[in-house]
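Chemist: What follows is a structure written as structure tokens; I'll ask about it next.
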Amino acid sequence: MTRLLCLLALLLFLAPAQAQEITSPEDEFGFRLGADYSLANYQQMYAWWQKLAAASDRMTVQDIGTTEEGRPQVMAIVTSPENHRNLDGYQDIARQLALAEELTDESARFMAEAGKAVVWIDGGLHASELLGAQQLMETVYQLITRNDDETLRILNDVVILAVHANPDGHDLLADWYMREEDPERRSSSRVPRLYQKYVGHDNNRDFYMSTQAESINMNRILYREWFPQIVYNHHQTGPAGTVMFAPPFRDPFNYNYHPLIPLSIEAVGTAMHSRFVREGMGGTTMRSGASYSTWWNGGLRTTPYFHNQIGLLTETIGHPTPMRIPLILRRQLPKNDIPMPIEPQVWHFRQSVDYSVTANYAVLNYASRNRVDLLYNIYVMGRDNIAKGQTDTWRTDPSIIAAASQAARDAGSNPSGRLSDDIFESAFRDPESRDPRGYIIPLDQPDFPTATKFVNTLIKNGVAVHRATMDFEVDGKAYDAGSFVVMTGQAFRPFVLDMFEPQRHPNDFAYPGGPPISPYDNTGWTVAYQMGVHVDRVLDGFDGPFARVEGFAEAGTGSVASGRARGYTFPAENNDSFVAMNRLLDAGHDVFRLPSSGGDFHVTGASRAELQELAAELGIAFSAAARRPADAVAMRRARVGLWDRYGGSMPSGWARWILEQFEFDFEVVFPKQLDAGNLAEDFDVLVFVNGAIPAPGGRSFGYTDGTGIPEEYHDRLGMITPDNTVPALRAFLEAGGSIVTIGHSTGLQGHLELGLENYLVDHEGVALERESYFVPGSIVRVQLDNSQPVAWGLPSELDVHFNNSPVFSPSDAVTPLAWFDSREPLRSGWAWGQHYLMGGVTMAQAQVGDGTLYLFGPEVIRRGQPHGTFKLLFNAISLAGTPARLTEVSSDD
């Protein structure tokens with residue numbers, strides 16, 4: 001507290017700086033921001049912001065990191081000159097209140113009174129939504145040049161973090177649009193590649209996993225450095241017939257975060273809509289006006305909910321090429337969710353910029369007027385979360401309501417009526433259903449290096465993680481030193497629970513007996529499940545010899561056996577063993593797989609020093625071997641072709657990123673090259689991610705017309721077709737090649753006439769309707785035949801990401817790899833009609849000529865998250881490189 005008072009006292013003695021002349025957008029770019037047919041790119045923006053920061057005492061800029069393509073990612077900090085002189089003090093207040101550690105209500109109230117609200121406003125995340133970056137530039141310019149009472153009050157009360165969310169994409173899209181000399185020929189469509197190096201639009205699906213450089217940079221600011229109370233994420237486009245969707249959002253909201261979050265979203269959203277109406281700016285809608293909810297974690301505006309921050313989203317129409325608001329009759333009648341409709345009209349980009357600036361000012365004005373409450377409320381949420389993690393608590397979700405309803409029926413009561421307290425105690429306060437006080441991630445588990453990556457995901461999101469400094473015991477179970485411990489008694493408890501515990505999405509239907517309402521995104525994502533991490537839930541308070549992990553964690557499990565050895569083995573269970581394999585092969589060493597020991601690796605010729613370096617970095621244990629086992633199968637680098645298309649495929653981009661992380665060599669292959677045939681000359685294995693191959697009779701995706709596309713990109717044109725592509729793929733298989741298909745690209749089996757049938761049909765053989773069966777983005781459990789080489793290193797029960805994925809009827813035409821043996825396979829999410837899955841095959845392999853076709857119905861590499869199923873892809877690739885084909889074993893082996 002003394003340090004805080006000293007910092008605040010500095011304000012009394014520091015004199016204001018002299019401002020220089022501020023360069024306008026017109027002078028810098030030659031046009032007004034939002035002008036028809038005009039876009040400033042990121043390089044121009046970056047240079048301009050440096051000038052603005054040099055000229056204005058209201059603004060500083062800092063690079064928060066580099067992007068995947070190597071650009072600096074910029075953040076402007078905008079506030080009053082007086083606030084800038086004490087910025088470290090206000091940042092410290094925001095941090096202390098957000099973490100709520102060792103504060104009393106009285107000291108927190110004092111700090112809230114003394115502090116400044118911190119508001120994040122971003123732009124440009126989805127670069128094809130061209131408005132985002134332009135409105136951000138205009139907003140910053142207005143904040144540093146306007147001198148009206150409201151602006152000055154905002155600058156005095158608020159620290160604004162103006163963050164560019166995707167510099168690489170901004171340059172790509174702006175340059176693509178502006179490449180035409182004739183303004184009326186300018187277009188932002190048909191861009192040749194993804195607008196983020198690897199994941200494109202999925203950059204807004206990466207914020208709990210934090211895999212990409214940009215999300216890592218932003219998460220550090222959000223959850224480890226600045227801790228803003230409001231996070232405003234700009235997007236396009238608004239629902240047809242409106243201008244903008246703005247909060248509040250429709251149900252359901254997530255059961256893990258604090259109830260102040262939805263209430264605060266409602267309050268800020270109301271302030272936004274009220275301002276639009278007050279200023280005569282119609283056409284804003286909310287709640288049922290679009291599909292956005294607050295259930296899902298993982299987006300730039302949703303992950304903040306689990307950190308006690310108010311996440312806002314707007315979706316706004318507009319394009320530098322003038323457009324028209326269409327007449328949509330249902331959006332002409334005023335109602336709660338569209339209070340002031342807008343009439344059909346021609347619409348210009350500058351109008352969208354003005355709407356965005358108005359929305360920004362509404363949020364900033366709210367933050368100014370409610371500065372103390374925002375700061376105190378984030379403390380209250382953190383305080384409450386800490387307390388919940390240190391006492392017996394229970395969360396209510398649909399499974400609890402269902403159990404209580406059944407208990408009422410069993411007691412002869414109407415579940416819709418008034419029920420006895422006994423039912424409440426039995427269903428809602430079952431001691432075994434308590435929330436954990438903490439989680440232990442044991443050192444002794446099959447893939448501890450991957451468990452360490454999971455821990456670092458938590459740390460990137462501001463979670464406090466501890467590590468045992470010596471052996472310890474909890475609840476009668478012994479744990480090794482080096483095990484990780486995550487206590488739930490911390491401010492970001494909602495995030496902790498969301499990473500470890502299953503999500504229980506409610507049944508959400510348009511009307512009773514009607515079709516399910518599609519969720520905005522996934523309904524279940526429990527990362528501990530996806531990564532295959534073994535975790536022990538501890539329901540009672542516990543302590544031990546624990547030290548907080550500073551920085552990021554290292555596995556620390558690497559070792560090389562002492563003594564003389566002719567070779568060394570290392571485990572098939574470790575994902576990073578494939579990194580070791582690839583490096584050892586590149587170094588010229590002989591690497592083998594050992595069928596008799598579940599596919600473990602064996603290396604000869606490597607020096608002890610080489611192995612020690614790998615062990616230290618990757619956490620792998622190398623065991624000494626007196627000789628090479630007789631059944632050892634030699635590995636070599638497989639020649640990998642990874643499908644992609646013009647414009648870029650996000651699943652293919654994720655596959656690129658994963659293969660690079662695990663150091664597999666590969667070549668991206670486009671449809672024209674596939675159609676040309678002779679694929680065995682260049683490849684051992686081809687990988688087709690979800691969305692690459694249409695089912696028989698389905699629609700192919702891709703561009704075939706090169707009009708307006710530069711010549712350098714013409715080799716990326718084309719699409720996969722039954723007539724041209726499938727014969728080449730069949731010939732590749734018959735010649736001994738391997739093909740990996742993921743998700744709905746397993747439809748290739750239909751083109752090859754393997755005879756597999758859809759398992760999810762009614763008694764008449766008709767595909768089940770959504771009213772009967774619907775499993776959107778969830779985690780389900782399957783049985784796995786891990787005796788098959790493609791499944792080496794995996795457990796016999798496997799959690800997989802399942803998104804209405806293909807399920808096949810058992811058939812002699814294939815070898816089943818994974819199937820459902822339960823009527824309730826759901827682990828996390830929503831699975832309406834899940835009993836229909838019982839007995840279905842969801843992964844299989846088939847011999848086609850001398851080659852192997854892998855059919856992985858679940859999305860085993862989805863968004864770079866399910867590390868627990870990566871080995872299916874890695875095994876399929878590495879086995880394709882074996883000189884002696886080894887892809888299948890009999891059940892007798």
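Chemist: If Lys and Arg each add +1 and Asp and Glu each add -1, what is the summed charge of the other residues whose beta carbon sits under 11 Å from the beta carbon of Asn86?
Modeler: -1
Chemist: Could you calculate, for segment 220-378, the ratio of the Cα radius of gyration to the Kirkwood radius, expressed as Rg to Rh?
Modeler: 0.98
Chemist: A follow-up question, please. Among Tyr232, Phe484, Gly514, which residue has its Cα furthest toward the positive end of the charge dipole of the chain, with +1 on Lys/Arg Cβ and -1 on Asp/Glu Cβ?
Modeler: So the residue furthest toward the plus end is Tyr232.
Chemist: For segment 163-234, state which trypsin sites (Lys or Arg not before Pro) are in a DSSP loop and have at most 14 other beta carbons lying within 10 Å of their beta carbon.
Modeler: Answer in residue order: Arg179.
Chemist: Within 14 Å, Cβ to Cβ, of Ile77, how many net charges do the neighbouring residues add up to if Lys/Arg are +1 and Asp/Glu are -1?
Modeler: For residues surrounding Ile77, the net value is -3.
Chemist: Under 8 Å for C-alpha pairs, at least 6 residues apart: give me the relative contact order for segment 47-137, rounded to a whole percent.
Modeler: Result for segment 47-137 is 15 percent.
Chemist: Modelling each spin label as a point 7 Å along the Cα-to-Cβ direction, I'd like the Met838/Gln332 distance in nm, to one decimal.
Modeler: 5.3
Chemist: Can you work out the base-10 log of I(q)/I(0) for segment 60-150 at q = 0.19, 0.21, 0.25 1/Å, using the Debye formula on its C-alpha atoms alone?
Modeler: Evaluating at q = 0.19, 0.21, 0.25 Å⁻¹ gives log10 I(q)/I(0) of -1.04, -1.13, -1.28.
Chemist: A further question follows. Could you give the dipole magnitude of the chain about its Cα centre, charging the beta-carbon of Lys and Arg +1 and that of Asp and Glu -1, in debye to the nearest 20?
Modeler: In debye, rounded to 20, the chain gives about 1040.
Chemist: Could you check what % of the DSSP bridge pairs in the chain are antiparallel, to the nearest 5?
Modeler: Percent antiparallel among DSSP bridges in the chain is about 65.
Chemist: Please report the relative contact order for segment 394-433, taking Cα pairs under 8 Å with a sequence separation of at least 6, and give it as a percent rounded to a whole number.
Modeler: Averaging sequence separation for qualifying contacts and normalising by length gives 49 percent for segment 394-433.
Chemist: Could you tell me what fraction of 2.2 N^0.38 Å the Cα radius of gyration of the chain comes to, as a two-decimal ratio?
Modeler: Cα Rg divided by the expected 2.2 N^0.38 Å: 0.98.
Chemist: Taking R0 as 41 Å, what's the FRET efficiency between Ala114 and Thr469 from their Cβ-Cβ distance, rounded to 0.05?
Modeler: In this case the efficiency is close to 0.60.
Chemist: Further, regarding this structure: Stokes-Einstein diffusion coefficient for segment 36-385 at 37 °C in a medium of 0.692 mPa s, Rh from the Kirkwood formula over Cα pairs: what value in µm²/s?
Modeler: For these conditions, the coefficient is 161 µm²/s.
Chemist: Now for a separate question. If contacts are Cα pairs under 8 angstrom and at least 6 residues apart, what is the relative contact order of the chain in percent?
Modeler: About 10 percent, as a whole number.
Chemist: Going out from 0 in 10 Å bins, what whole percent of all Cα-Cα distances in segment 559-634 drops into each bin?
Modeler: Histogram of Cα-Cα distances, whole percents per bin: 21, 61, 17, 0.
Chemist: Continuing with this model, one more query. How large is the dipole of segment 624-718 about the Cα centre if only Lys and Arg carry +1 and Asp and Glu carry -1, each at its Cβ, rounded to the nearest 20 debye?
Modeler: 440
Chemist: Give me the net charge of Pro431's neighbourhood, meaning all other residues with Cβ under 12 Å from the Cβ of Pro431; Lys, Arg count +1, Asp, Glu -1.
Modeler: -4
Chemist: What's the ranking of 685-693, 371-379 by average number of surrounding C-beta atoms within 10 Å, highest first?
Modeler: Highest-to-lowest ranking by the protection proxy: 685-693, 371-379.
Chemist: Mean residue ellipticity at 222 nm from the helices of the chain, using -39,500 (n - 2.57) per DSSP H segment of n ≥ 4 over the full residue count, to the nearest 500 deg cm²/dmol?
Modeler: Helix-only estimate at 222 nm: -9000 deg cm²/dmol.
Chemist: A further question follows. Does anyone have the angle between helix 87-99 and the longest principal axis of the chain? Alpha-carbon axes, 0 to 90°, nearest 10?
Modeler: Computed tilt is about 60 degrees.
Chemist: Ok, one more. Work out the charge dipole of the chain with +1 on the Cβ of Lys and Arg and -1 on the Cβ of Asp and Glu about the Cα centre, then indicate which of Gly280, Gly124, Ile342 is farthest towards its positive end.
Modeler: After comparing all options, I get Gly280.
Chemist: Next up: Just name one of Gly541, Ala616, Gln865: the one whose Cα is farthest towards the positive end of the charge dipole of the chain (beta-carbon charges, Lys/Arg +1, Asp/Glu -1).
Modeler: Gly541
Chemist: Let me ask you something else. To make sure I understand, if each residue's beta carbon is the centre and we count other beta carbons within 10 Å, what order do Leu754, Leu594, Leu33 fall in, fewest to most?
Modeler: Taking fewest neighbouring Cβ atoms as first place, the list is Leu754, Leu594, Leu33.
Chemist: By how many degrees, between 0 and 90 and to the nearest 10, does the Cα long axis of helix 608-618 differ from the longest principal axis of the chain?
Modeler: 50
All of the numbers you see were taken from the coordinates with simple rules; none came from a lab. Since the model is a prediction, treat every value here as computed from it, not as a measurement. Reconstructed Cβ throughout: ideal geometry from the backbone, glycine too, with neighbour counts over all protein chains shown.
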